[in-house]
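Novice: Before anything else, here's the structure in question.
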Amino acid sequence: MNLEKVVFGFFILLAATLNFGFFIGDLGRPEYHNVYELFAAIVVNLVATVLKFGDRTQIGAVHLATSLVADLQLVAAAVLWAVVVHVSGEGMTAVNTASVVSLSGGALFANVVSVVLLIAETVMLRR
Amino acid sequence: MSQINSIVFIILRRMRAPLIVLIAIYAIAVCGLTLIAGVDAAGKPAPPLSFFHAFYFVSYTATTIGFGEIPTAFSDAQRLWVTLAIYLTVIGWSYSIVTLLALLQDKGFQSALITARFARRVRALREPFYLICGCGETGGLVCHALDRLGQRFVVLESREQRVQELDLEDFKTDTPALAADAAQPANLLLAGLRHPQCRGVLALTDDDSCNLNIAIAVRLLHPEIPVLARTDRQQVAANMASFGADHIINPFEIFADSLALALRAPASLRLCEILTGLAGSELPEVHRPPLGAWIVCGYGRFGRAVASRLQQAEGQALTILETRVPDDAGHRVVTGNGNDANCLRMAGVAEAVGIVAGTSSDSNNLAIAMTARELNPALYVVMRQNQAANALLFEAFPDDYTLVPSQVVAQACVAILTAPLLERFLQLVRQQSNDWAATLAERLLALCGARVPQVWSVRLDTAGAPALEQALRHGEAIGLGVLTGDGGISSLPLLIERADRQLLLLPDGATRLQAGDHLLFAGRRTARSEQMLLLNNVNALDQALGKPQAGSWFGRWLARRA
């Protein structure tokens, strides 16, 4: 067992699950989408991105790309949240909540691709 | 591209740990601030900071900017947490910066950086250049000669110290140099072996097998360009010739050939030396080795080459002096040390006219020469100098003819590169008589005022001579004289190679030029630039041909209409 592989898989999966946890629930209802979960998803996604640095293989490059997409989407969601809560003062209306959550939904898709890549890599290794 | 990539990847890989630590510290600090209750102006508990305010606060505190407690004054619990966060973030940043600095100091990273810069400079070259592999004594001489001609070159050299010395040398042209093993094909590619402007490769390292590797790599990776390879060994030379290395330069063979030529026709050798010398330098001294009995000390690679040439010359009695008896000599052999007076006497030094001190040790060669001179002051002494560092000693001894391998190789390389037709011409010179060569040398020296003339070749095609080629294509009859004496240009045409490989030696001014001709000239440096003008500029050519014309395209169109 390679500890590095464990840590790598752990962070990729955790990024996907946290992202999913934030995303799941009625799109327009702010009480179903905890901001702490968004924060945790961003942090874990960033760590997963850094873990993917410096891998020169083709699959490593795709891994890094998916992570960067997820980061972009999640940061966009966080910025949107900050704008509606603090800058415009509208607060988390149904429309704004739906925007934030759907941005994180895009990130979730990228994270799922990342997990699929991880599984594919593992399966190829088995053979 | 791959070098830049590898630098980015090295940085990213090494920065992984500090970046993760930094992210974790930021996350802890921000998260903590969003959980700890604040206090309002009246001293009552207030809700904690939101994520936005917490991130803003940590951002300016962690980078030690420190605006104060924004948006409202903090509660003591918050201050306790912030104290902890400040220390944590400072540690995180210090760790990152220290790692980055260590990376910049790293030997492997530095060499990746230098390699990337070298590759970029080579890629950016937009002029024709030569790739010089091995920049020791020989390579250094070639570099300086090419630099004086304004020719670009790229250097691969295995010793790092030598590359640093190259940086200090005052080259006119910008010279990319890299400390790397030229025997590795990857390094050759890095140095521009497949670059469209690469005009040729010079394999000049001290190591024969390395030169062989370079020659093979050039033949396989870029077969169109010529490769000049240096070797001291017959077997390696034969090996190189077998796969078609263009020019194999063996200093011992070249020198032995020169010595043989000097015995037979000293004026021919002098002509060859004048034509292959560095333009503008002092004239080479005249070598007149006498015919008669010769002694060759040292029967190694050099001794064998010299002995075989001396044997071919007529009227030579040859004695070999060598510590071990060679089995394949076929000459009179005396066993013994050349610097021993008795051995020299036994070899017949008193009756000999010349001696060749050709062992692989400089001190031995000097000792042989000095002992032999004492025994027979009239002796003609030929010496082999192995180390350039001993040049002072060899200059101090009044010998008659010295072989300096690095100089011989460098001169041969530069002659081949500057005028490709010169080699052919020199072969023809060797077939001509001594008097013929003496006359030609006199004419050349009269032209160039007792200095080594510039030798250059011109090809009459669209690239080499656009104006002249166009005139020839329009069917104009142009004599060679236009390019030399007639137009007031003082240069001497030596050879014309016609498109059908026919050779014209010393053509006269009435010779009609043909498109596709390859011409060899010798003359002053100014003569060359004047000739260039005629070859490239339509107006200058028309004036030289005695038909002034309107220079512009429109004017010429009008003239045609009229």
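The values are calculated or read from the model by the stated rules, or taken from the named source; none is laboratory data. Keep in mind that what you see is a predicted model, and the values were worked out from it rather than measured. Neighbour counts run over all protein chains shown; Cβ positions are idealised from the backbone, glycine included. Each accessible area value is taken on the protein alone, full model and side chains, heavy atoms only, with ligands, DNA and RNA left out. Shrake-Rupley method; radii C 1.70, N 1.55, O 1.52, S 1.80 Å.
Novice: Looking at the structure I just gave you, is B:G150 part of a strand (DSSP E or B) and out of contact with any helix residue (DSSP H, G or I) (no Cβ under 6 Å at 6 or more places or on another chain)?
Specialist: Against the criterion (part of a strand (DSSP E or B) and out of contact with any helix residue (DSSP H, G or I) (no Cβ under 6 Å at 6 or more places or on another chain)), B:G150 does not qualify.
Novice: Tell me, which helices (runs of 4 or more DSSP H) wholly within region B:183-243 include 3 or more residues that are open to solvent by 10 Å² or more (accessible area, probe 1.4 Å) and under 25 Å from B:A116 (Cβ atoms)?
Specialist: B:185-190, B:208-221
Novice: Please tell me if B:C143 is open to solvent by less than 10 Å² (accessible area, probe 1.4 Å), within 30 Å of B:G280 (Cα to Cα) and part of a loop (DSSP other than H, G, I, E, B).
Specialist: Judged against the criteria, B:C143 is not a match.
Residues are listed down the side, and each one gets a yes or a no for (1) within 14 Å of another protein chain (Cβ to nearest Cβ); (2) of a type outside the set (V, I, T):
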| position | (1), (2) |
| --- | --- |
| A:G89 | yes, yes |
| A:A94 | no, yes |
| A:G105 | no, yes |
| A:V113 | no, no |
| A:E121 | no, yes |
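Novice: Tell me yes or no: at least one residue of region A:26-34 is within 22 Å of A:A120 (Cβ to Cβ), part of a helix (DSSP H, G or I) and touching an Asp or Glu at 6+ places or on another chain (Cβ under 8 Å).
Specialist: No, because not a single residue in region A:26-34 is within 22 Å of A:A120 (Cβ to Cβ), part of a helix (DSSP H, G or I) and touching an Asp or Glu at 6+ places or on another chain (Cβ under 8 Å).
Novice: Here is a follow-up. Among the residues of region B:75-91, is any over 27 Å from A:V83 (Cβ atoms), of a type outside the set (A, V, I, L, M, F, W, C) and in contact with an Asp or Glu (Cβ under 9 Å, 6 or more places away or on another chain)?
Specialist: So far as region B:75-91 goes, yes, one or more of its residues are over 27 Å from A:V83 (Cβ atoms), of a type outside the set (A, V, I, L, M, F, W, C) and in contact with an Asp or Glu (Cβ under 9 Å, 6 or more places away or on another chain).
Novice: Separate question: Under 7 Å between Cβ atoms, which residue pairs at least 6 apart in sequence (or on different chains) link something in region A:18-38 that is more than 14 Å from chain B (Cβ to nearest Cβ) with a partner that is in a helix (DSSP H, G or I) and open to solvent by 80 Å² or more (accessible area, probe 1.4 Å)?
Specialist: The qualifying pairs are A:G25/A:Y32; A:D26/A:Y32.
Novice: Still on this structure, please answer the following. Within region B:374-399, which residues are open to solvent by 50 Å² or more (accessible area, probe 1.4 Å) and charged (D, E, K, R)?
Specialist: B:E374, B:E395
Novice: I've got another one for you. Only one of these is aromatic (F, W, Y), under 30 Å from A:F8 (Cβ atoms) and without any contact (Cβ under 8 Å) to a residue 40 or more places away in the chain: B:F57, B:F67, B:F52, B:F9. Name it.
Specialist: The match here is B:F9.
Novice: Since A:K5 meets every condition but one in (1) surrounded by 15 or more Cβ atoms within 10 Å (Cβ to Cβ); (2) away from chain B (no Cβ under 14 Å); (3) under 24 Å from A:A120 (Cα atoms), which condition does it not meet?
Specialist: (1)
Novice: Here are B:G38, B:G43: which of them is touching a residue at least 24 places away in the same chain (Cβ under 8 Å) and over 59 Å from the mean Cα position of the chain (by Cα)?
Specialist: After ruling out the rest, the residue left standing is B:G38.
Novice: Would you be able to say whether some residue in region B:378-396 is over 30 Å from B:C133 (Cβ atoms), small (G, A, S), more than 31 Å from the chain's Cα centre (by Cα) and in a helix (DSSP H, G or I)?
Specialist: no
Novice: Let me ask something else. More than 30 Å from B:R120 (Cα to Cα), aliphatic (A, V, I, L, M), part of a loop (DSSP other than H, G, I, E, B) and more than 9 Å from chain A (Cβ to nearest Cβ): does that describe B:A41?
Specialist: For B:A41, the condition - more than 30 Å from B:R120 (Cα to Cα), aliphatic (A, V, I, L, M), part of a loop (DSSP other than H, G, I, E, B) and more than 9 Å from chain A (Cβ to nearest Cβ) - is met.
Novice: Name the residues in region A:53-86 that are within 12 Å of chain B (Cβ to nearest Cβ) and touching a residue at least 40 places away in the same chain (Cβ under 8 Å), would you?
Specialist: Once the filter is applied, which keeps residues that are within 12 Å of chain B (Cβ to nearest Cβ) and touching a residue at least 40 places away in the same chain (Cβ under 8 Å), region A:53-86 yields A:A78, A:W81.
Quick grid of which residues meet (1) assigned to a helix (DSSP H, G or I); (2) open to solvent by less than 60 Å² (accessible area, probe 1.4 Å); (3) modelled with pLDDT of 85 or more:
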site: B:T439; (1), (2), (3): yes, no, yes
site: B:A463; (1), (2), (3): no, no, no
site: B:Q470; (1), (2), (3): yes, no, no
site: B:G481; (1), (2), (3): yes, yes, no
site: B:G485; (1), (2), (3): no, yes, no
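Novice: Next up: Please find, within region B:43-77, the residue that is modelled with the highest pLDDT out of those that are open to solvent by 30 Å² or more (accessible area, probe 1.4 Å), over 25 Å from A:G91 (Cβ atoms) and among the aliphatic types (A, V, I, L, M).
Specialist: Residue satisfying both the conditions and the ranking: B:A77.
Novice: Find all pairs meeting these conditions: Cβ atoms under 7 angstrom apart; at least six residues apart or on different chains; first residue within region B:204-220 and under 15 Å from B:G134 (Cα atoms); second residue of a type in the set (S, T, N, Q) and in a helix (DSSP H, G or I).
Specialist: Pairs found: B:L204/B:T138; B:T205/B:N211; B:L212/B:N239.
Novice: Still on this structure, please answer the following. What strands (runs of 3 or more DSSP E), lying completely within region B:273-366, carry at least 3 residues that are modelled with pLDDT of 85 or more and surrounded by 19 or more Cβ atoms within 10 Å (Cβ to Cβ)?
Specialist: Result: B:293-297, B:354-357.
Novice: Is it the case that B:Q531 is touching a helix residue (DSSP H, G or I) at 6+ places or on another chain (Cβ under 6 Å), among the polar types (S, T, N, Q) and either modelled with pLDDT under 80 or part of a loop (DSSP other than H, G, I, E, B) (or both)?
Specialist: Spelling it out, it is not the case that B:Q531 is touching a helix residue (DSSP H, G or I) at 6+ places or on another chain (Cβ under 6 Å), among the polar types (S, T, N, Q) and either modelled with pLDDT under 80 or part of a loop (DSSP other than H, G, I, E, B) (or both).
Novice: Another one. Do we have any residue at all in region B:536-556 that's at pLDDT below 80, part of a loop (DSSP other than H, G, I, E, B) and open to solvent by less than 20 Å² (accessible area, probe 1.4 Å)?
Specialist: No: region B:536-556 contains no residue that is at pLDDT below 80, part of a loop (DSSP other than H, G, I, E, B) and open to solvent by less than 20 Å² (accessible area, probe 1.4 Å).
Novice: Go through region B:400-411 and give me each residue that's open to solvent by 10 Å² or more (accessible area, probe 1.4 Å) and not polar (S, T, N, Q).
Specialist: B:D400, B:Y401, B:V404, B:P405, B:V408
Novice: Residues of region B:44-68 being among the aliphatic types (A, V, I, L, M) and within 14 Å of another protein chain (Cβ to nearest Cβ), which ones?
Specialist: Listed by number, the residues that qualify are B:L49, B:A54, B:V58.
Novice: Which of the residues spanning region B:121-139 are open to solvent by 10 Å² or more (accessible area, probe 1.4 Å), touching a helix residue (DSSP H, G or I) at 6+ places or on another chain (Cβ under 8 Å) and not in a loop (DSSP other than H, G, I, E, B)?
Specialist: Scanning region B:121-139 gives B:Y130, B:E137.
Novice: Residues of region B:12-38 being surrounded by fewer than 17 Cβ atoms within 10 Å (Cβ to Cβ) and more than 8 Å from chain A (Cβ to nearest Cβ), which ones?
Specialist: B:A17, B:L35, B:A37, listed by residue number.
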